[in-house]
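The values are calculated or read from the model by the stated rules, or taken from the named source; none is laboratory data. For clarity, every value in this text was computed on a predicted model and none was experimentally measured. So basically every Cβ, Gly included, is an ideal-geometry build from the backbone, and we count neighbours across all protein chains shown.
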Amino acid sequence: MALLSTVLGFSFFGLASRFGQLAIQKRNLMDNLAGHAIAMGAFGYAGYWMHRYEVRTNELITWKRTEMAEAQAKAEAAKAAKAQAEAA
């Protein structure tokens, strides 16, 4: 569902930008419907890649957090072993 909402959100933003472009030029908004489809398709494609980027970065962040937790656990275990060796 997140992919669909991202792609649709970006495509509607593309449509809005197309309407804005035509309004600035004071042209008819419904003059060239193929231009609207191209803008929506291009922005929708950008939305798809933005979703893929977000998924990939979330995976990398999760991986890095687990890696850091493992390193912290190793450091604490080494510190505890050193303290136990000094106490004995």
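I need the full set of residues from the stretch 38-53 which are more than 12 Å from the chain's Cα centre (by Cα) and not hydrophobic (A, V, I, L, M, F, W, C), in order please. If the condition is that a residue be more than 12 Å from the chain's Cα centre (by Cα) and not hydrophobic (A, V, I, L, M, F, W, C), then Gly41, Gly44, Tyr45 are the ones that fit.
Please count how many residues of the stretch 1-20 are free of Cβ contacts under 8 Å to residues at least 40 places away in the same chain and surrounded by fewer than 19 Cβ atoms within 10 Å (Cβ to Cβ). Before the answer, list the steps.
Taking the stretch 1-20 as the starting set, the residues that turn out to be free of Cβ contacts under 8 Å to residues at least 40 places away in the same chain are 1, 4-5, 8-9, 11-20.
Checking the rest, the ones that are also surrounded by fewer than 19 Cβ atoms within 10 Å (Cβ to Cβ) come to 1, 4-5, 8-9, 12-13, 15-17, 19-20.
So the count comes out to 12.
Within the stretch 23-38, identify whether any single residue is out of contact with any strand residue (DSSP E or B) (no Cβ under 6 Å at 6 or more places or on another chain), among the β-branched types (Val, Ile, Thr), assigned to a helix (DSSP H, G or I) and touching a residue at least 12 places away in the same chain (Cβ under 8 Å), and answer yes or no. It would help to see each step written out before you state the result.
First, pick out the residues of the stretch 23-38 that are out of contact with any strand residue (DSSP E or B) (no Cβ under 6 Å at 6 or more places or on another chain): 23-38.
Applying the additional criterion that residues be among the β-branched types (Val, Ile, Thr) yields 24, 38.
Cutting the leftovers down to assigned to a helix (DSSP H, G or I) gives us 24, 38.
This time we only want the ones that are touching a residue at least 12 places away in the same chain (Cβ under 8 Å), so: none.
No, that holds for no residue.
Evaluated against (1) touching a Gly at 6+ places or on another chain (Cβ under 7 Å); (2) at pLDDT below 95, Ala42 falls short on exactly one condition, (2). Taking (1) loosely packed, with under 14 Cβ neighbours inside 10 Å; (2) more than 22 Å from the chain's Cα centre (by Cα) in turn, Arg56 satisfies each apart from (2).
State yes or no: is Glu86 surrounded by fewer than 10 Cβ atoms within 10 Å (Cβ to Cβ), part of a helix (DSSP H, G or I) and not aliphatic (A, V, I, L, M)? Yes; evaluated as a whole, the condition is true for this residue. If you check Arg52 against the conditions, is it under 18 Å from Ala2 (Cα atoms), of a type outside the set (S, T, N, Q) and assigned to a helix (DSSP H, G or I)? Criteria met by Arg52.
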